[in-house]
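Peer 1: One structure is given below, represented as structure tokens, and several questions about it will come after.
Laboratory data are not the source of any read-out in this text; all were calculated from the coordinates shown. Just so we're clear, the structure is a prediction, and the values are computed from it rather than from any experiment. Positions of Cβ are generated from backbone atoms using ideal geometry, with glycine treated the same way; all protein chains shown enter the neighbour counts.
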Amino acid sequence: MLIKRLEQVQERIAKAAAKAKRDPETVTLIAVTKKFTQGLIREAYLLGLRDFGENYVQEFAQKYPELDDLIDARFHLIGNLQSNKAKKASEVFSVIHTLDDPKLARRLADTGVPLEILLEVKLSGEEAKSGVAPEDVPFLIDAVRQFPTLKLTGLMTMPPWSEDAELSRPYFARLRELAYKHRLGKLSMGMSHDLEVAIEEGATYVRVGTALFGPRTKA
Ligand SMILES: *Cc1c(COP(=O)(O)O)cnc(C)c1O
């Protein structure tokens, strides 16, 4: 049951925050609802959740018309964004976690819609992953800051998947150091299996799907 799972996740967040001597209020739980229906999002909203993460612009654009009465909900794009979807994304999302290219910044700015922006940083050498290389972060920060409608707040990363959450720790620590260096306050990191480690390393947004909603059926 969702309410039970939500309590368990909140408990995990509270414990990890206590261990790290952090205020749990500084950690925002983003409920990742990709592949689930608008009905489930509404159910989660009624239980008090306000932040929702989706991976695909097209998929969420289909759910959004039935959710636009949830005026204090915040919808986060946590999946890769193609520039031809920037306009649609600006219409349905309020936070973009995956900006990784100056051209995309321009496309988003061109929409005129105020957006919170995080840069996705690629900290592992894996080929297929999106994200900006750490050495290109300063350049991308400057590119985003030219645009007054884009409010740059932080960095996001996805470590290579591993069952062992401890293997995520060096990536999370590295993201925290990078954000600190650039005076960015938000860190989007940690998922169902490694949220404790992420919180210990400073996460302010944790993105949790499976632990709340159960396994996603394969598309
Ligand atoms: C799907 C997804 C999540 C949630 O993953 P779970 O393991 O189900 O918690 C978090 N972040 C991103 C970028 C995702 O694509």
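Peer 1: What is the distance in Å between the Cα centroid of region 137-166 and that of region 37-73?
Peer 2: 23 Å
Peer 1: Identify the chymotrypsin sites (Phe, Trp or Tyr not before Pro) of region 126-196 meeting these criteria: DSSP loop state and at most 16 other C-beta atoms within 10 Å of the C-beta.
Peer 2: 161
Peer 1: Could you run the Karplus curve 6.51 cos²θ - 1.76 cosθ + 1.60 with θ = phi - 60° over region 183-196 and give me ³J(HN,Hα) per residue in whole Hz, x for Gly and Pro?
Peer 2: With coefficients 6.51, -1.76 and 1.60, one gets 6, 10, x, 9, 10, 9, 7, x, 10, 3, 8, 10, 5, 5 Hz.
Peer 1: In µm²/s, what is D for region 126-197 at 10 °C and 1.306 mPa s, where D = kT/(6 pi eta Rh) by Stokes-Einstein and Rh is the Kirkwood radius from Cα pairs?
Peer 2: It comes out at roughly 119 µm²/s.
Peer 1: Given all pairs of different Cα atoms, what value in angstroms does the Kirkwood hydrodynamic radius of region 59-167 take?
Peer 2: Final number for the Kirkwood radius of region 59-167 is 14.7 Å.
Peer 1: Quick check on the chain: helices-only [θ] at 222 nm, where DSSP H runs of length 4 and up contribute -39,500 (n - 2.57) each and the sum goes over total residues. Nearest 500, please.
Peer 2: The per-residue figure over the chain is -10500 deg cm²/dmol.
Peer 1: Ratio of the chain's C-alpha Rg to 2.2 N^0.38 Å, to two decimals?
Peer 2: Relative to the rule-of-thumb radius for its length, the chain sits at 0.97.
Peer 1: Still on this structure: Compute the length gained on full extension between residue 5 and residue 173: take 0.36 nm times their separation in residues and subtract their Cα-Cα distance, giving the result in nm to one decimal.
Peer 2: The span from residue 5 to residue 173 would gain 57.7 nm if fully extended.
Peer 1: Residue 192's amide H: which non-local residues (gap 5+, or another chain) put their own amide H closer than 5 Å, with H modeled 1.01 Å from N in plane and none for Pro or chain starts?
Peer 2: 209, 210, 211
Peer 1: On a 27 Å Cα-Cα criterion, which of the cross-link pairs 122/181; 15/35; 4/87; 15/122 come out too long?
Peer 2: Check vs 27 Å cut-off fails for 15/35; 4/87; 15/122.
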